[in-house]
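Scroll down for the structure; my scribbles are underneath it.
The values are calculated or read from the model by the stated rules, or taken from the named source; none is laboratory data. This is a predicted model, so every value here is computed, not measured. When we count neighbours, we look across all protein chains shown, and the Cβ atoms used for this are built from the backbone with ideal geometry, even at glycine.
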Amino acid sequence: MIRREKDLSNTVITADALHCQRETARDIVFRGGEFIIQAVDPTNLSFPHVETVIKVRRQSSKAKDPNSFETSYYISSVPAKTYTPKQWLALIRGHWGGIESRNYWRKDACLFEDKTRSRNPTIVATLAMLRNVALFFFNDQQVHSTLTGFVEAVAADSSKAYSMLKARS
């Protein structure tokens, strides 16, 4: 759940389908913001504050079938005529581009997320949480210029991890 005290005026929040929750949409609008959320079921008319449904059809670049297409739907509290189709697409691409470059790639290339072989959901979720914590603390520090260097330094001296946690409490 989003904390209600932060003002979101003049802010458009983008989110993937994981956050396609009625309470999330209500909180964003309650705090003055707008949302664009990937929708699992865009025909659900009971979703609060929806003004626009966006359909994005993209051609796949998969080697197996380069001519296949994928369709995604998004719901938004922003009225349809607020943006041109190119602007809507830029907002959506901006979200996914940020996810890919800031999070997914770093978690995979530097923290080996895709090499996790466990099928135990608790282990997978715990490792994902630890990777997110590592990214948070890396972004919060000024000493190490690379994520790999940061992880190696913390792994070599566990007191650094404790110091970072203690400083945040």
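For the reader, a short list of remarks on this structure follows.
So that you can scan it fast, the table gives a plain yes or no per residue for (1) touching a Leu at 6+ places or on another chain (Cβ under 6 Å); (2) modelled with pLDDT under 85:
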position	(1), (2)
Ser101	no, yes
Asn120	no, no
Arg131	yes, no
Phe137	no, no
Ala155	no, no
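- Of all residues in the range 146-169, those satisfying the criterion of being of a type in the set (A, V, I, L, M) and closer than 15 Å to Leu130 by Cβ are Leu147, Val151, Val154, Ala155, Ala161, Met164, Leu165.
- Qualifying residue in the range 135-147 (condition: farther than 22 Å from Asp16 by Cβ and touching a Lys or Arg at 6+ places or on another chain (Cβ under 7 Å)): yes
- The residue that is surrounded by the fewest Cβ atoms within 10 Å (Cβ to Cβ), among those in the range 32-56 that are under 24 Å from Asn10 (Cα atoms) and among the small types (Gly, Ala, Ser), is Gly32.
- For the range 67-84, the criterion of being at pLDDT 90 or above, assigned to a helix (DSSP H, G or I) and surrounded by fewer than 13 Cβ atoms within 10 Å (Cβ to Cβ) is met by at least one residue.
- Near pairs, Cβ below 8 angstrom, 6+ apart or cross-chain, from the range 114-136 (without any contact (Cβ under 8 Å) to a residue 12 or more places away in the chain and acidic (Asp, Glu)) to any residue that is part of a helix (DSSP H, G or I) and surrounded by 12 or more Cβ atoms within 10 Å (Cβ to Cβ): Asp114/Asp108
- Residue within the range 78-86 that is touching a residue at least 40 places away in the same chain (Cβ under 8 Å) and within 21 Å of Ile37 (Cα to Cα) present: yes
- Only a single item in (1) surrounded by 13 or more Cβ atoms within 10 Å (Cβ to Cβ); (2) without any contact (Cβ under 8 Å) to a residue 60 or more places away in the chain is not met by Ser145, and it is number (1).
- Taking every residue in the range 8-21 that is touching a residue at least 12 places away in the same chain (Cβ under 8 Å) and pairing it with any residue that is in a loop (DSSP other than H, G, I, E, B) and surrounded by fewer than 14 Cβ atoms within 10 Å (Cβ to Cβ), at least 6 positions away or on another chain, the pairs with Cβ-Cβ distances below 7 Å are Leu8/Gly32; Ser9/Gly32; Ala17/Val40; Cys20/Val40.
Okay, residues lined up against (1) surrounded by 14 or more Cβ atoms within 10 Å (Cβ to Cβ); (2) closer than 19 Å to Ser169 by Cα; (3) more than 20 Å from the chain's Cα centre (by Cα):
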site: Lys115; (1), (2), (3): no, no, yes
site: Thr126; (1), (2), (3): no, no, no
site: Phe137; (1), (2), (3): yes, yes, no
site: Val154; (1), (2), (3): yes, yes, yes
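- Among residues that are under 19 Å from the mean Cα position of the chain (by Cα), more than 30 Å from Val133 (Cα to Cα), not assigned by TED's automatic domain parsing to the domain that holds Thr148 and not in a helix (DSSP H, G or I), Val50 is not included.
- Leu89, sole failed condition from (1) part of a loop (DSSP other than H, G, I, E, B); (2) surrounded by 13 or more Cβ atoms within 10 Å (Cβ to Cβ); (3) not assigned by TED's automatic domain parsing to the domain that holds Gly32: (1)
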